[in-house]
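Trainee: The structure under discussion is supplied below as structure tokens; questions concerning it will follow.
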Amino acid sequence: MSDITGNAPKKQSGSVTNQAKKGSTTKPKEIEADSVKQASEEIVKKKRNRPDLKKFGEENTKPGDNSRYLRHALVSFDLPPIDISDPEQVEKRIREYFVYCIQNDRKPNMKGMGNWLGVDRSTVWTWMKGEYRTQTHSDLIKKAVNILEELWVDYMQNGKINPTSGIFLGKNMFGYKDVQEHVLTPNAPLGTDNPDAARKILSELPNDDEKF
């Protein structure tokens, strides 16, 4: 059919189709699975698509490691409580903890020592800093923590611990921190590289005979 001018109207190809595409909703992809858990695992697997992340967090874990770590940690759970106000009992328990680590080839740490004492890590810190039980516990805990720090240094020097983990322990357990020093050096100090500026300043100074 032609218009008044006799020309055939132009076709608006694709306009209706495009509008339909813009207004339509995307059909969700179906995932075949026997349970919700399996379906969620399939979704995560598709999103990651990273075979190297299949065992993320367990790269260095061998069969039996988790049960062995938990078995050692549960030893402190069954220990009889001590009078933590008595420094002799505290020292005895700390020595028992170190001996246990020697006999079982364990790396001692501050958290483990606190568990054997029956206190949390913050309490150990307050004793070490002398904020509480200063006269009875401060020096004792400092000696124990110094041993832990020495072991940490040995592990780092001999490659017995992951460097990233070692840095984390150094900062959070022993108070180490990154320090940057900034030194400011003047490019043209007066009287050395800029004699004209020095003479100008001297000429503006009052004479000894000048009265204020």
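Trainee: Mind checking which residues of the stretch 85-136 are touching a residue at least 40 places away in the same chain (Cβ under 8 Å), closer than 20 Å to LEU151 by Cα and not β-branched (Val, Ile, Thr)?
Mentor: Across the stretch 85-136, the qualifying residues are GLU91, PHE98, LYS107, PRO108, ASN109, MET110, ASN115, TRP116.
Trainee: Can you spot a residue in the stretch 176-183 that is among the acidic types (Asp, Glu) and modelled with pLDDT of 85 or more?
Mentor: Here is the first cut: in the stretch 176-183, the residues among the acidic types (Asp, Glu) are 178, 181.
Filter once more, so that each one left must be modelled with pLDDT of 85 or more: none.
Checked against the condition, which is being among the acidic types (Asp, Glu) and modelled with pLDDT of 85 or more, the stretch 176-183 yields no hits at all.
This table checks each residue for (1) in contact with a Gly (Cβ under 8 Å, 6 or more places away or on another chain); (2) under 18 Å from MET173 (Cβ atoms).
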residue	(1), (2)
LEU79	yes, no
ASP86	no, no
VAL90	no, no
TYR97	yes, yes
TYR100	no, no
ASP105	no, no
MET110	no, yes
GLY114	no, yes
THR134	no, no
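Trainee: Could you list, in sequence order, all residues of the stretch 94-122 that are at pLDDT below 95, out of contact with any Lys or Arg (no Cβ under 9 Å at 6 or more places or on another chain) and basic (Lys, Arg)?
Mentor: ARG106
One line per residue, one yes/no per condition, for (1) surrounded by fewer than 12 Cβ atoms within 10 Å (Cβ to Cβ); (2) of a type in the set (S, T, N, Q):
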site	(1), (2)
ASP83	yes, no
VAL90	no, no
PRO108	no, no
ASN115	no, yes
SER122	yes, yes
VAL153	no, no
GLN157	yes, yes
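The values are calculated or read from the model by the stated rules, or taken from the named source; none is laboratory data. For clarity, every value in this text was computed on a predicted model and none was experimentally measured. Here Cβ is always computed from backbone atoms with ideal geometry, including for glycine, and neighbour counts include all displayed protein chains.
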